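Student: Structure provided below as structure tokens; questions to follow.
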Amino acid sequence: MAEPQASGSEAVGSKQASSSAAVGSKSATDDRLRLLIERIERLEEEKKGIADDIRDVYMEAKAAGYDPKIMRQIVRLRKMKPADRSEQDMLLETYKAALGMA
């Protein structure tokens, strides 16, 4: 048996219902995207503030007689794993010896 065909007005009604559902989900997706972008913007602003604070600390250290360039190197080294730091030191010494700097 053949299934009854929907009349023209029923077909239009179902298309409207599915398009309004798509608009509703699009709106929710748009809201989520907007919230994520705003969150990133807030974090970027916080990151800028923290970078400014770090810069201020280095300026304070320089005013107290410390070398900010060396302090940055120390901070970078302290972030490294001990094994990675040892490997870097070994390579540096090897290169220096090869260049007659040791």
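No value in this document is a laboratory result; all are computed from the given coordinates. Given the structure is predicted, the values throughout are model-derived calculations rather than measurements. Please note: Cβ atoms are built from the backbone with ideal geometry, for glycine as well, and neighbour counts cover all protein chains shown.
Student: Could you work out how much longer the chain between E41 and I70 gets when fully extended? Use 0.36 nm per residue separation minus the Cα distance between them, nm to one decimal.
Tutor: Working: separation 29, 0.36 × 29 = 10.44 nm, distance 3.23 nm.
Going from the current span to full extension adds 7.2 nm.
Student: If you take every residue apart from R39 with its C-beta less than 13 Å away from the C-beta of R39, what net charge results, scoring Lys and Arg +1 and Asp and Glu -1? Write out the running numbers ahead of the final one.
Tutor: Values: positive: R32, R34, R42, K47; negative: D31, E38, E41, E44, E45, E46.
With Lys, Arg at +1 and Asp, Glu at -1, the neighbours total -2.
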